[in-house]
Amino acid sequence: MTTPPLAGQIALVSGASRGIGAATALALAARGAHLVLVGRTAGGLEEVEERIHQAGGSATIAPLDLADGDSIGRLAEAVAGRWGRLDLLVLNAAILGALSPVPSIDPKDFSRLLTLNVAANQALVAAFDPLLRQSARPRLVGITSSVGASPRAFWGGYGATKAALETLLLAYADEMANLGDLRVAIVDPGATATAMRAQAFPGEDPTTVKPPAVVGEAIAELLAGDYPTGHRLRVTG
């Protein structure tokens, strides 16, 4: 039998209880990785974990609120204690916030966007950087959006957080370029039938856009293969 391409690797996916996060976790598990499933909804994580187990894979759930930096630190300690390293980190969790003109962005809403879409991801990178350095093949993927690079009316708040996330991750890639084989990739999933998409386009027929499984498979294929750090992938379906 052929050894799965990610056999023995430890992968952490944030926002893994549904949508693109869940699909990515399932695709990585199918390629042999052990998944650490991170999200706020324990029930959703348990459902994804069960699907992975039924398919012959392995996973561990880690319900937590990414706005709580202490929880992220405790999770990193737990991963370090059990495995001593992290091979794959997929930063998927994000919120949309309210779509509105820039002058009308609610300060509290914008603060929450920045906390969950930017600060929490920086905290994950900071907490797991030492464990990525212990991997023989560390890989990091950040999920972005087209509005991060191409601003669009009413999407200023969300787009600003994705632009900030890209800058953070690509700066980290540059910092690590001469310190090991860490590869960073930015993935734009494009139009995908997720709960966030339904929130942004409530009148859209979800069958007219690709399912999350297409994106999950694309991310897993990327992580199982080879790519230069700073690589950008747009999933067209």
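Tabulated data for the structure shown
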item	result
Residues of region 199-228 classified as within 30 Å of SER135 (Cα to Cα), at pLDDT 95 or above and surrounded by 14 or more Cβ atoms within 10 Å (Cβ to Cβ), total	12
Members of region 167-218 that are among the hydroxyl-bearing types (Ser, Thr, Tyr) and either farther than 24 Å from ALA153 by Cβ or under 16 Å from the mean Cα position of the chain (by Cα) (or both)	THR167, TYR172, THR192, THR194, THR207
Residue satisfying condition, being open to solvent by 60 Å² or more (accessible area, probe 1.4 Å), part of a helix (DSSP H, G or I) and among the charged types (D, E, K, R), within set ARG112, ARG152	ARG112
Criterion: in a strand (DSSP E or B), touching a strand residue (DSSP E or B) at 6+ places or on another chain (Cβ under 9 Å) and touching a residue at least 60 places away in the same chain (Cβ under 8 Å) - qualifying residue of VAL79, VAL90	VAL90
Exclusive hit being assigned to a helix (DSSP H, G or I) and among the hydrophobic types (A, V, I, L, M, F, W, C), set ILE20, ILE95	ILE20
Region 63-109, residues that are open to solvent by 20 Å² or more (accessible area, probe 1.4 Å) and β-branched (Val, Ile, Thr)	ILE95, VAL102, ILE105
Complete set of residues in region 167-198 that are open to solvent by 40 Å² or more (accessible area, probe 1.4 Å) and at positive phi	GLY180
Single condition LEU45 does not satisfy, out of (1) more than 23 Å from GLU221 (Cβ to Cβ); (2) surrounded by fewer than 23 Cβ atoms within 10 Å (Cβ to Cβ)	(2)
Residues that are open to solvent by 50 Å² or more (accessible area, probe 1.4 Å) and either in contact with a helix residue (DSSP H, G or I) (Cβ under 6 Å, 6 or more places away or on another chain) or under 29 Å from THR3 (Cβ atoms) (or both), drawn from region 29-42	ALA30
Per-region count, region 182-237, residues part of a helix (DSSP H, G or I), closer than 20 Å to VAL13 by Cβ and touching a Lys or Arg at 6+ places or on another chain (Cβ under 9 Å)	7
Unique match (being modelled with pLDDT of 95 or more, touching a Ser or Thr at 6+ places or on another chain (Cβ under 7 Å) and aromatic (Phe, Trp, Tyr)) among PHE110, PHE154	PHE154
Any hit, region 3-10, residues being touching a strand residue (DSSP E or B) at 6+ places or on another chain (Cβ under 7 Å) and among the hydroxyl-bearing types (Ser, Thr, Tyr)	no
Count - residues of region 27-69 that are among the β-branched types (Val, Ile, Thr), in a loop (DSSP other than H, G, I, E, B) and within 23 Å of GLY84 (Cα to Cα)	0
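The values are calculated or read from the model by the stated rules, or taken from the named source; none is laboratory data. Computed from a predicted model, the values in this text were never measured in an experiment. Positions of Cβ are backbone-derived with ideal geometry, glycine not excepted, and every protein chain shown enters the neighbour counts. Surface accessibility is based on the protein's heavy atoms, side chains included, excluding ligands, DNA and RNA. Shrake-Rupley method; radii C 1.70, N 1.55, O 1.52, S 1.80 Å.
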